Structure formats: structure tokens, C-alpha cells
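Peer 1: Following this message is one structure expressed as C-alpha cells.
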Amino acid sequence: MTDNTGTAINRKTMPLWIVWLLVAGIVMLDQYTKLLCIQYLQQGTPLNIFPGLDFLLAYNQGAAFSFLDGAGGWQRWFLGGISILMSTVLIIWLWRLPRHQKLLMTALALILGGALGNLYDRVMTGYVVDFISVYAGHWRFAIFNVADAAVSCGAVLMAFEILLSGVRRE
């Protein structure tokens, strides 16, 4: 089968329940790993996993890369509100998305799961628990968590889908 431009359409679809299962799985994995880190790590004391990777417990009151971390408390509700708005947009987008767009559905599910994992922290405690620390020598990348990794992977998949959709049209 082809669309109106003559491009072949893959009609294999992804059931919506799989998307919601992925979202829930990310939230649960994120919350479970954060709970383990809070129980077994001391803030500021790295646990070396292998060269280039530590588990390092940190409490982030800001956004990505600790943006607005020391803003005095108002950022909790501001960033929470943005997260709720974006999560709502993602839920509506997923609900309306044609089921054959599996890559985009997966990307949006990863982003939504990560957003909800961090939103839960922010609303319940006022901060997000971060613990994955990647480094090279004395240089350390920002400390992040499973939710952040899911959002990042989802963004990469979304960019890949955008590039692929441009190639498919040509």
C-alpha cells in the first residue's frame, strides 16, 4: 500500500497499551533506582562502578544540568507546572498519533516516562534525585538519573524519526 506521494506505508501497528506499559516501566525503574541510591549512597561520596562512571547521590532542585538549582524554591512549582503541561501535551499527542508510527510513539513514551519520573520527585520532595555521574579525568558531566536518560534517548529517537521521515518523502 502507498500514500498519496507513492511512498510505501508500513501498516504494522503498535498497540497503545504497549506505549503505556513502557511509560509505566520507565517511571517505576526510575523511582526504584532513586530509592536504592537514597538508601545505599551517601550524598557527595562517589561509588565507582568502573573508570568513567560513578554513582554519586545528588539532590537537584533545578532543571537539567542544575539550571535554577539555587533559585530559592519558586522553581519547584514553575518546573512542576511546565512538566505537567508538557506531559499533558505528550499524552494527547500519543493518543492521537497513528499507530503505525512506532518509532515516534516509542520516542514520545520515553520522554513522557522520564518527565513523569522527575515530576513525581519534584512534586513530592521539591527536588530530583540524581546519581549517575560520567567523567573523564577531572572533567565530570552533569549528574543525571534514569528519567533523564529516558528523555535524552527519546529526544534522539525523535530526531532520528524526523530525519527518516524527510528521507522517506524524497
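Peer 1: Residues of region 113-134 being in a helix (DSSP H, G or I), within 17 Å of C153 (Cβ to Cβ) and either among the aliphatic types (A, V, I, L, M) or out of contact with any strand residue (DSSP E or B) (no Cβ under 6 Å at 6 or more places or on another chain) (or both), which ones?
Peer 2: G113, G114, A115, L116, G117
Peer 1: Related question: Could you go through region 88-106 and let me know if any residue there is without any contact (Cβ under 8 Å) to a residue 60 or more places away in the chain and closer than 29 Å to L56 by Cβ.
Peer 2: no
Every residue, every condition in (1) under 28 Å from Q39 (Cα atoms); (2) modelled with pLDDT of 95 or more; (3) in contact with a Lys or Arg (Cβ under 7 Å, 6 or more places away or on another chain), yes or no:
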{"residue": "I92", "(1), (2), (3)": "no, yes, no"}
{"residue": "R99", "(1), (2), (3)": "no, no, no"}
{"residue": "L112", "(1), (2), (3)": "yes, yes, no"}
{"residue": "N118", "(1), (2), (3)": "yes, no, no"}
{"residue": "Y127", "(1), (2), (3)": "yes, no, no"}
{"residue": "F141", "(1), (2), (3)": "yes, no, no"}
{"residue": "F144", "(1), (2), (3)": "yes, no, no"}
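The values are calculated or read from the model by the stated rules, or taken from the named source; none is laboratory data. Quick caveat, the model's predicted, so the values are computed rather than measured. Every residue, glycine among them, receives a Cβ derived from its backbone with ideal geometry; neighbour counts consider all protein chains shown.
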